Amino acid sequence: MPEQVRFRGGVHPDDGKSLSQAAAIQDAPLLETYTVPLLQHIGAPPKLVVAKGGKVLRGQRLAEPSGFVSAAVHAPTSGTVKEVTEVALPTGRTGPAVVLQADGEDKADEGLAPLTDWAEAEPQVLKQRIVDAGIVGMGGAAFPTAVKLSPPATKPISVLILNGVECEPCLTADHRLMLEQPEAVLTGARILARVLGVRTVRIGIEANKPDAIALLTEKARGTGIEVSGLRVRYPQGAEKQLIHALTGRKVPAGGLPMDVGVVVQNVGTAVAVAEAVTLGKTLYERVTTITGRPVVRPGNWRLRVGTPYAKALELAGGVSFDPAKIISGGPMMGFAVYSLDIPVMKSTSGILLLAREDVTQFTGEACIRCGRCVDACPMALMPGTLSVQIENERFDLAETWHALDCIECGCCAYACPAHRPLVQHLRRAKQEVMARRRAAENKSKR
Ligand code: SF4
Ligand code: SF4
């Protein structure tokens, strides 16, 4: 492996991937009902286009984008709209959802025809297909993909990066996808590159997945797509760290990848794009890792959006002992959930159950000023100092000390010997600073 640019900070937690990384992706059997949330992405909620009692086919649109930063939502199977109601979501919030009663036929909608000539298609046509298929970032952020593919003319893009790093411990969905659908990953990369008009395409994969690196390298031969094995260090897959490692370019503080001419897409997103274009398939299912020591058969499943977490866990054989904590996503960036009566969304990369000995209890201990959080922070912040400011409700200071640059990677909390809830503090500060900025903006408009 060539010497690569190393990022500052980071941590090296036990990756916990051995539980599920050898388990091939399995298709989940059809359920009787699905609860499909409308707001599954960052941006404006989509507009409902079905009503109670309406019949729908698999892949048919349930809601359409309500603006530029919005995404369509599609039916995971054929059936009848039972109701539209408010449900609990994995994010800890509530939101409207379509409850779909399956008819058992799983009949597909044929609204989107395959674009077999995509290599000749206009970029705008391909981008519209990505909008029509409701594709959002599958790495967890769920930002509408078409928006990332529409940089302003002042920000020319020269490099597309596919993120196959999957540095989040315990998750193996992207790893399996790269092993089992390498052609779709590469086709998605080529389609995305065509939309952006770029020639340089790089795929970054952490070196702890040598089989995926070897397979994609072999499949990519002759395409011009370069596959790189990257140093195993969390958060190698964070956008800014990944861009730095693969291109040497540094995204400025407060900036975006487009500021240095780069667009990053997850490998799962690339597969969704390939399927939307070559098969006419909308985004109504995804690969999710169900894992953790309490889980009887950890593995990777292709789950339809709207599948209750409880049903997903049944696929993995349930639990052999009571978990101490359930997380939606991975242990570093995921969210603790308090009920399994929540639906799988487009962003559900993992359902992780932790045993008591795997859980760190946060405390109200005072900071001992050891500086470990500062060493661990890949964004060169001072999490300990920020945390004290936030405890004292000094959000003005937190803003000055660059709280908004926090990528919520969790390295600081992982490193803290006093077990202070540093990421939670930073998340709170970011929300508060943004709310204050919006309030000030609204006031100035009046
Ligand atoms: S302050 Fe934010 S970016 Fe820095 S280590 Fe903590 S969570 Fe990560
Ligand atoms: S790691 Fe924890 S105890 Fe050490 S300086 Fe940071 S917040 Fe304080």
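The values are calculated or read from the model by the stated rules, or taken from the named source; none is laboratory data. Just so you know, these numbers come straight off a predicted model, no measurement behind them. Cβ coordinates were reconstructed from backbone atoms using ideal geometry, including for glycine residues, and neighbour counts include every protein chain displayed. Areas reflect the complete protein model, heavy atoms only, side chains present, ligands, DNA and RNA absent. Shrake-Rupley method; radii C 1.70, N 1.55, O 1.52, S 1.80 Å.
Observations on the model:
- In this structure, Arg369 does not qualify as open to solvent by 60 Å² or more (accessible area, probe 1.4 Å), touching a strand residue (DSSP E or B) at 6+ places or on another chain (Cβ under 9 Å) and more than 14 Å from ligand 1 (Cβ to nearest atom).
- Sole residue being out of contact with any Asp or Glu (no Cβ under 8 Å at 6 or more places or on another chain), in a loop (DSSP other than H, G, I, E, B) and closer than 16 Å to Ala276 by Cβ, chosen from Asp15, Asp117, Asp106: Asp117
- Residue match in segment 404-422 (condition: of a type in the set (A, V, I, L, M, F, W, C), open to solvent by less than 40 Å² (accessible area, probe 1.4 Å) and within 19 Å of Leu256 (Cα to Cα)): yes
- Segment 423-440, subset within 17 Å of Gly330 (Cβ to Cβ) and within 15 Å of ligand 2 (Cβ to nearest atom), residue surrounded by the fewest Cβ atoms within 10 Å (Cβ to Cβ): Gln424
- Of the criteria (1) touching an Asp or Glu at 6+ places or on another chain (Cβ under 8 Å); (2) open to solvent by 70 Å² or more (accessible area, probe 1.4 Å), which one Ser349 fails: (2)
- Tallying residues that are over 14 Å from Pro331 (Cβ atoms) and touching a Phe, Trp or Tyr at 6+ places or on another chain (Cβ under 8 Å) within segment 2-33 yields 5.
- Condition check for Val374: β-branched (Val, Ile, Thr) and either more than 8 Å from ligand 1 (Cβ to nearest atom) or in the same structural domain as Gly334 (by TED's automatic domain parsing) (or both): yes
- Matching residues, segment 284-305, being charged (D, E, K, R) and in a loop (DSSP other than H, G, I, E, B): Arg293, Arg297
- Look at segment 358-373: where a residue is closer than 30 Å to Phe321 by Cα and a partner is within 6 Å of ligand 2 (Cβ to nearest atom) and open to solvent by less than 70 Å² (accessible area, probe 1.4 Å), sitting 6+ places away or on another chain with Cβ atoms under 8 Å, you get Phe362/Arg420; Thr363/Ala418; Thr363/Arg420.
- Selected residue [buried (at least 19 other Cβ atoms within 10 Å of the Cβ), at pLDDT 95 or above, more than 17 Å from the chain's Cα centre (by Cα) and over 29 Å from Ala72 (Cβ atoms)] from Lys127, Lys209, Lys219: Lys209
- Candidates Arg58, Arg93, filtered to the one that is out of contact with any helix residue (DSSP H, G or I) (no Cβ under 6 Å at 6 or more places or on another chain) and either polar (S, T, N, Q) or modelled with pLDDT under 95 (or both): Arg93
- Lys281 being assigned to a helix (DSSP H, G or I) and open to solvent by 20 Å² or more (accessible area, probe 1.4 Å): no
- Qualifying positions in segment 253-278 - closer than 24 Å to Ala72 by Cβ, part of a helix (DSSP H, G or I) and open to solvent by less than 30 Å² (accessible area, probe 1.4 Å): Val267, Gly268, Thr269, Ala270, Val271, Ala272, Val273, Ala274, Ala276, Val277
- Lone qualifier among Leu179, Leu171 - being open to solvent by 30 Å² or more (accessible area, probe 1.4 Å), under 26 Å from Gln26 (Cα atoms) and among the hydrophobic types (A, V, I, L, M, F, W, C): Leu179
- Scanning segment 377-400 for residues that are within 10 Å of ligand 1 (Cβ to nearest atom) and either closer than 18 Å to Arg436 by Cα or in contact (Cβ under 8 Å) with a residue 24 or more places away in the chain (or both) turns up Cys377, Pro378, Met379, Ala380, Leu381, Pro383, Gly384, Leu386, Ser387.
- Just one of the listed residues (Pro114, Pro65, Pro96) is open to solvent by 30 Å² or more (accessible area, probe 1.4 Å) and over 24 Å from the mean Cα position of the chain (by Cα), and it is Pro114.
- The lone exception for Ser339 - which of (1) polar (S, T, N, Q); (2) open to solvent by 40 Å² or more (accessible area, probe 1.4 Å); (3) modelled with pLDDT of 95 or more it fails: (3)
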